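Trainee: Below is a structure I'd like to ask you about.
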Amino acid sequence: MDAGILAMPQRRERGVRVDAGPPVSNARLAMIVLIAGESMLFVGLIGMYLVFRLSARVWPPADLPRLPLAVTWLNTAVLLGSMVPLTRALAAVRADRRRATARGLAAVTALGILFLAVQGVEWARLVRHGLTLASGAYGATYYVLIGCHAVHVLAAVVWLAVVALLAGRGRFTAARHTVLEMCAIYWYFVCALWAVLFPLVYLY
């Protein structure tokens, strides 16, 4: 009887699956929740913009400056193009190539700063030509929607800068780079947002 009792747990353990952890890590789950919340925010802002846009007889008003298309096209290429070195940085860290990881992250950070700088210069020019928050629904919706995106890009650039600094110090390995991956996901998110906002605000 003793032998049977001792054998029973062993037979049960054969069918027990080793716990490999949750299917979605806590970091990824937190990022999903964050992006879902941010997406809801922008859905609301886009809805606000469309309400004013569709109810206006003339958009933009004739007495206000037009948005800079040529420069913004180039700036869009800068932002969306930044995903290329970011993707390479992710591939490099997974291959444990630390210098390539640091270089890729530095390039993404520089492109993000360039995007914000160009956008800031264009906003200053628009303000000088009379387009401000007080310029009716057109100015208010433009600065609220595009400005909110710029704040998100700024936050992402700061995060990227910190991650690039850590990568330069060799903090990330093929086995440990969760912070880098979460930062990359957020950067992809702000780039995807711009891919929606640019045609909606500048081209529509």
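Trainee: Looking only at the range 119-141, decide whether some residue is within 22 Å of Tyr186 (Cα to Cα) and without any contact (Cβ under 8 Å) to a residue 60 or more places away in the chain.
Mentor: yes
Trainee: Can you go through Leu131, Leu111 and tell me which one is over 16 Å from Gly81 (Cβ atoms), crowded, with 18+ Cβ neighbours inside 10 Å and touching a Gly at 6+ places or on another chain (Cβ under 8 Å)?
Mentor: Being over 16 Å from Gly81 (Cβ atoms), crowded, with 18+ Cβ neighbours inside 10 Å and touching a Gly at 6+ places or on another chain (Cβ under 8 Å) holds for just one of Leu131, Leu111, which is Leu131.
Trainee: OK, next. Among what's in the range 74-106 and is among the small types (Gly, Ala, Ser) and assigned to a loop (DSSP other than H, G, I, E, B), pick the residue that is surrounded by the fewest Cβ atoms within 10 Å (Cβ to Cβ).
Mentor: Result: Ala95.
Trainee: Which residue pairs have Cβ atoms closer than 6 Å, lie 6 or more positions apart in sequence or on different chains, and pair a first residue in the range 28-43 that is part of a helix (DSSP H, G or I) with a second residue that is surrounded by 12 or more Cβ atoms within 10 Å (Cβ to Cβ) and among the aromatic types (Phe, Trp, Tyr)?
Mentor: Within 6 Å, the pairs are Ile35/Phe189.
Trainee: Right, something else. Whether any residue in the range 149-167 is within 30 Å of Pro60 (Cβ to Cβ), among the β-branched types (Val, Ile, Thr), in contact (Cβ under 8 Å) with a residue 12 or more places away in the chain and assigned to a helix (DSSP H, G or I) is what I want to check.
Mentor: Here is the first cut: in the range 149-167, the residues within 30 Å of Pro60 (Cβ to Cβ) are 149-157.
Filter once more, so that each one left must be among the β-branched types (Val, Ile, Thr): 151, 153, 157.
Right, trim to in contact (Cβ under 8 Å) with a residue 12 or more places away in the chain and you get 153, 157.
When the remaining residues are screened for being assigned to a helix (DSSP H, G or I), the result is 153, 157.
Scanning the range 149-167, I find at least one residue that is within 30 Å of Pro60 (Cβ to Cβ), among the β-branched types (Val, Ile, Thr), in contact (Cβ under 8 Å) with a residue 12 or more places away in the chain and assigned to a helix (DSSP H, G or I), so the answer is yes.
Read-outs throughout are calculated quantities, based only on the coordinates presented, and are distinct from any laboratory measurement. In this text the structure is predicted, and so the values were computed from the model without any measurement. Ideal geometry is used to build each Cβ from the backbone, glycine not excepted, and the neighbour counts take in all protein chains shown.
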